[in-house]
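K.L.:
Please read through the structure below; I'll follow up with questions.
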Amino acid sequence: MFVELAVPATLAGEGRAAVQAARPALARRLLAATPPYLYLLPALACLVLWTYKPLVEAVQLSFYDWNLLPTSPMTYVGLDKYRQVFTQAGLRHAAVNTVIYIVCLLPFSVVLPTAVALVTRRLGGRSRDVYRALVFTPILVAPVAAAAVWRWLLDPTGLSNQALGWFGLAPHNWLREESTALPAILAITAWSMCGFAVLVVSAGLTGISADYGEAAAIDGATGWQILRWVTLPLLRSTLLFLVLMTVLLSGQWTFPLLDSLTQGGPAESSTNVYYLLWELGFRNFDSGLASAAGIVFFVVFGLIAAGLVALADRFSFHDN
Amino acid sequence: MARIRIEGLGKVFGATRAVDDVSLDVADGDFLVLLGPSGCGKTTLLRMIAGLIQPSTGRILVEDRDITYLPPRERDVAMVFQSYALYPHLSVERNIGFPLRAARRPKAEIATRVREVAGQLELDGLLGRRPRELSGGQRQRVALGRALVRDPRAFLMDEPLSNLDAKLRTATRTELTALHRRLGSTFVYVTHDQVEAMTMATRIALLDGGRLEQVGTPTEVYDQPASVFVAGFLGAPPMNLLPATVAGRDGQVVLTAGGVDISLWPGGADSTEVTLGIRPEHLRVLPAGAPAPAARGRLTGTVTGIENLGSEEVGWLGVGTGDAASAAVAVRGPRPLGLAIGDRVTLIVAPEHVHLFSRDSGRRLTWQPDAKVPRPSRPVDLTTTGA
C-alpha cells in the first residue's frame with residue numbers, strides 16, 4: 001500500500017499555547033522603549049517653547065487691545081483687531097509690495113541659480129569648490145553688515161554713483177528715491193540669496209543619477225532635449241522647494257535690509273507685510289493689531305505652502 | 001548591423017590603466033561577451049564603444065568609419081544599463097518611445113512602433129505605468145524595449161541581468177539568445193558571470209587588469225584556456241592549477257609534483273618548471289583495490305571535503321606527499337563519488353586533458369614534437385581571430 005509522506009511537525013492547538021518565549025518584565029520593556037523619545041525631547045521642547053507657545057499667545061493677543069506696557073490694562077475686543085487689519089491703510093500697498101518682492105526674487109532664487117548650477121556642473125575638482133565658495137559667500141555675511149556695505153555703495157557719493165559719473169550720468173540717491181528703493185532692496189536680497197540657491201540646485205543635480213543623461217545621449221537626444229526631457233523634470237522637486245522658500249521667506253530675507261536701509265520708505269515705497277507688521281507692533285505699540293495681522297499672514301502663507309507642498313509631492317519622482 | 005573594430009584602445013584614469021591596449025574585431029552579427037572579474041576594464045571598454053568615455057589611446061571603427069570622437073547620439077548604438085536607467089518620470093510608453101521622440105519621428109509612427117515592441121516583450125498591459133510601479137524583470141524588459149524600438153547598428157549591454165533573481169535570470173538569458181538569433185544584430189555584452197558568457201556568447205573576450213587575455217568561442221576558451229588566468233576563471237570549481245616539473249624519463253615526457261606523476265607522451269624534455277592544469281571533471285577516482293591502468297596520469301592525496309551539488313558531487317583533496325604543503329585539488333563527478341573525508345585516494349587523468357602553462361608568463365604551452373622543450377604557444381593573434 002502507499003503511505004503518504006507526513007508534513008513536518010507543527011504546533012497545532014494546545015501545543016502552541018504551551019510554547020511561550022521568555023519575555024522581559026513590563027518595566028524593563030518600557031525602559032528599553034524610552035530612549036527614542038528622550039532623543040526627541042530637546043528638539044520638541046525647543047519647538048514648543050519657541051514656536052507653538054508664541055503662536056498660541058499671538059492668537060490670544062489678537063483678541064485684546066494692549067499697548068505692550070505691563071502696567072496698562074488688556075481690554076478684550078473680540079474680532080475688532082481682525083476687522084482693523086483688513087481696513088488698515090497701508091495693508092494693500094504692503095501686500096502688493098510683498099507680491100512684487102516674491103515675483104521679482106523668483107528669477108534670482110530659481111531661474112538664475114538653475115542656469116549657473118547647470119553650467120558649472122561639469123567643472124571638476126578644485127575649480128568647482130572655489131567657484132561654489134565664491135558664489136556662496138554672500139549668504140554668510142550678516143544681513144546688517146551687508147546692509148552697511150551696500151549703504152556705502154549706494155550712497156550719492158558712493159561707488160555706484162561714481163560709476164554713473166564715469167558715463168556722465170547724474171548721481172542718484174538709490175535708497176531715498178521712491179522709484180528705486182524697492183529695486184535696491186530687491187537687488188541686495190537677490191545678491192545674498194542667489195549663491196545659496198545655486199548650492200541647493202547643485203545638490204539636486206548631484207542627486208540625479210548620471211545614467212539618465214547617458215542613456216538619453218545614447219538614445220539620440222541632443223543636449224537641449226536631455227535638459228528639457230530628463231534633467232529639468234527630475235529637478236522639479238528641488239525647483240519647487242526653492243519656489244516655496246522664496247514665497248515663504250522673501251519677507252524675512254528682506255526684513256533686516258528694510259529695517260537698516262530704508263525703514264520701509266521713502267513714503268512706504270519699499271515696505272512689505274512683515275515690515276508693516278513690525279511697525280504695528282513696535283512703532284504703534286498696538287500688540288493686538290500686530291498679532292491679528294500676524295495670524296492672518298500665517299494662515300495665508302500656510303495655505304500657499306500647503307498648495308506648493310501638494311504640488312511638489314505630485315511632481316517629484318523617486319529615483320529607484 | 002555592424003562590424004565593430006577596436007584598435008589599440010586604452011584608458012587611463014589618473015595612475016590606473018583601466019583598459020590597456022585592447023584590440024578586438026567584433027564581426028557583424030556576433031554576440032561578443034566581455035568577461036572578467038570586477039575592475040578588469042570590461043565596463044570601461046563598453047562605455048568607450050558607446051561614446052560615454054573618451055579613450056586615452058587607440059580608435060574604434062564601425063563599418064570602417066572611425067567613430068572614436070563621435071558623440072554617443074551620433075553612433076547609432078543602443079545600450080541597456082545595469083541600473084536600466086529608465087526615466088523615472090516617464091511612463092513605460094514614453095520610455096520605450098524616447099529614442100524615436102528624440103529623432104523627431106511622427107507621433108503616429110512612434111505609437112505604432114512602441115506597441116509593436118511592447119507586444120514582443122509582453123509589456124502590453126503596462127504601457128501607462130511608471131518605472132517604479134514595475135517589477136525588476138519588467139523594468140529589464142522596458143530597458144530592452146527602449147533599445148529595440150529603433151534599429152540600432154549594435155546593442156551594448158552592461159550586466160543587464162545582474163539585478164534579477166536566479167530563476168528570472170535563466171529565463172531572460174534564453175530570451176536574449178533567441179532575440180539575438182532573430183535580429184542577427186551585433187551584441188556586445190558585459191558580464192562577470194561565466195554562465196551567462198558560456199551560454200549566450202558566440203565569442204568571449206576575457207579581460208584581466210585591463211588587458212585582453214583571450215578571445216574565442218565558448219568552447220575554445222573553456223577547452224584551450226590561453227593563460228592561467230583564463231583557466232582559473234572559467235569552470236565551477238575552476239581548473240585545478242598546481243606547480244609541477246616537466247622532464248624526460250625513459251623516452252617519455254613526464255610531469256611530476258608532490259603526489260603527482262603523469263606520463264604525457266613519447267619524447268624527451270629538459271627539466272622545466274610549469275603550471276599544471278586539470279579540470280575537476282576530467283579527474284576520476286580510482287576505486288580502492290582496483291588495478292592501476294597503464295600509462296595514465298595519477299594524483300594521490302587525502303580527501304579534505306565533499307560538497308553535494310545535487311546532481312553531482314565535488315570532492316576536495318589535499319594532494320602532496322608527507323608533510324609537504326599540499327595543493328587543493330577538486331574532483332567533480334556524478335553522485336556519489338564514493339569518497340569519505342580522511343580517505344587516501346588516487347585520481348587518474350588522461351594525458352589529453354592535461355594543460356600546461358608557463359610558470360613565468362602564465363601563458364599556455366603547446367607541444368611541438370620536433371622541439372626538445374615545451375614552447376609557449378604563439379600569443380593569440382587578435383587580428384585573425386575575428387576574421
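Here, each number is a calculation from the coordinates, and none is a lab measurement. Because the structure is a prediction, the values reported are computed rather than measured. Cβ placement follows ideal geometry from the backbone for every residue including glycine, while neighbour counts extend to all protein chains displayed.
K.L.:
Along the charge dipole of chain B, pointing to its positive end and built from +1/-1 on Cβ of Lys, Arg, Asp and Glu, which listed residue (B:G305, B:L176, B:F98) has its Cα farthest out?
P.N.:
Positive-end residue among those listed: B:F98.
K.L.:
To the nearest 20 debye, what is the magnitude of the charge dipole of the protein assembly as shown about its Cα centre, counting +1 on the Cβ of each Lys and Arg and -1 on the Cβ of each Asp and Glu? Please list the in-between numbers first.
P.N.:
Details: 65 positive and 60 negative charges, 133 e Å.
For this selection, approximately 640 debye.
K.L.:
Output the 0 to 90 degree angle, nearest 10, between the alpha-carbon long axis of helix B:92-102 and the longest principal axis computed from the alpha carbons of chain B.
P.N.:
80
K.L.:
Hey, which lysines would be in cross-link range of B:K11, C-alpha to C-alpha under 30 Å, not counting anything within fewer than 8 residues on its own chain?
P.N.:
Once the sequence-local lysines are set aside, what remains near B:K11 is B:K42.
K.L.:
I'd like the mean, over residues of A:218-231, of how many other protein chain beta carbons sit within 10 Å of each residue's own Cβ. Mind dumping the intermediate values first?
P.N.:
Details: counts 19, 19, 15, 7, 3, 2, 0, 5, 2, 0, 0, 7, 6, 0.
That average works out to 6.
K.L.:
Residues with beta-carbon under 9 Å from that of B:I96, excluding B:I96: net charge, scoring Lys, Arg +1 and Asp, Glu -1?
P.N.:
On the way: positive: B:R94, B:R113, B:R146; negative: B:E93.
So the surrounding residues net to +2.
K.L.:
Got a sec? Charge dipole of the range A:34-155, +1 on Cβ for Lys and Arg, -1 for Asp and Glu; which of A:A148, A:L44, A:Y131 is way out at the positive end?
P.N.:
Among A:A148, A:L44, A:Y131, the one farthest towards the positive end of the dipole of the range A:34-155 is A:Y131.
K.L.:
As I understand it, the value is the acute angle between the Cα axis of helix B:136-148 and the longest principal axis of the Cα atoms of chain B; what does it come to in degrees, rounded to 10?
P.N.:
Once rounded, the angle reads 70 degrees.
K.L.:
Taking each residue in B:80-90, count the Cβ atoms of any other chain within 10 Å of its Cβ, then average. What number comes out?
P.N.:
On the way: counts 2, 6, 1, 6, 2, 11, 4, 9, 11, 12, 4.
For this peptide, the per-residue mean of nearby foreign Cβ atoms is 6.
K.L.:
Could you calculate the contour length gain from A:R126 to A:S260, that is, 0.36 nm times the residue separation minus the distance between their Cα atoms, to one decimal place in nm? Write down the numbers at each step before the final one.
P.N.:
On the way: separation 134, 0.36 × 134 = 48.24 nm, distance 3.72 nm.
Contour length minus the Cα-Cα distance gives 44.5 nm.
K.L.:
Given the options A:L239, A:L258, A:L41, which has the most mean-square fluctuation in a GNM of chain A, springs set between C-alpha atoms less than 10 angstrom apart?
P.N.:
It is A:L41.
K.L.:
Oh, and also: With unit charges on the beta carbons (Lys and Arg positive, Asp and Glu negative) and the dipole taken about the Cα centre of the protein assembly as shown, which residue among B:T272, A:S269, A:T231 sits farthest to the positive side?
P.N.:
So the residue we want is A:S269.
K.L.:
OK, next. With an 8 Å Cα cut-off and a minimum separation of 6 or more residues, compute the relative contact order for the range B:4-233 in percent. Before the final figure, lay out the partial values.
P.N.:
On the way: 423 pairs, mean separation 65.8, N = 230.
RCO, the range B:4-233: 29 percent.
K.L.:
By the scheme Lys and Arg +1, Asp and Glu -1, what is the net charge of all other residues having a beta-carbon under 11 Å from that of B:R203? Before the final figure, lay out each step's value.
P.N.:
Numbers: positive: none; negative: B:D25, B:D30, B:E220.
Spelling it out: positives minus negatives among the neighbours equals -3.
K.L.:
In the neighborhood of A:R176, defined by Cβ-to-Cβ distances under 13 Å, what is the net charge if each Lys or Arg adds +1 and each Asp or Glu adds -1? The partial results should precede the final answer.
P.N.:
On the way: positive: A:R151; negative: A:D155, A:E177, A:E178.
It works out to a net charge of -2.
K.L.:
Take every residue in peptide B:67-75, count the Cβ atoms of other chains within 10 Å of its Cβ, and give the average of those counts. Show your work: numbers first, answer last.
P.N.:
Working: counts 0, 0, 0, 0, 4, 8, 10, 2, 3.
Per-residue shielding by partner chains comes out at 3.
K.L.:
On to the next question. Would you calculate, for the protein assembly as shown, the mean residue ellipticity at 222 nm contributed by helices, counting each DSSP H stretch of 4 or more residues as -39,500 (n - 2.57) and dividing by all residues, to the nearest 500? Write down the numbers at each step before the final one.
P.N.:
Values: 25 runs with 299 residues, N = 707.
Taking each H run of at least 4 residues, the total per residue is -13000 deg cm²/dmol.
K.L.:
Hey, can you grab everything whose amide H is under 5 Å from the amide H of B:F31? Only 5+ residues off in sequence or another chain; H modelled, so Pro and N-termini drop out.
P.N.:
B:F187, B:T202, B:R203
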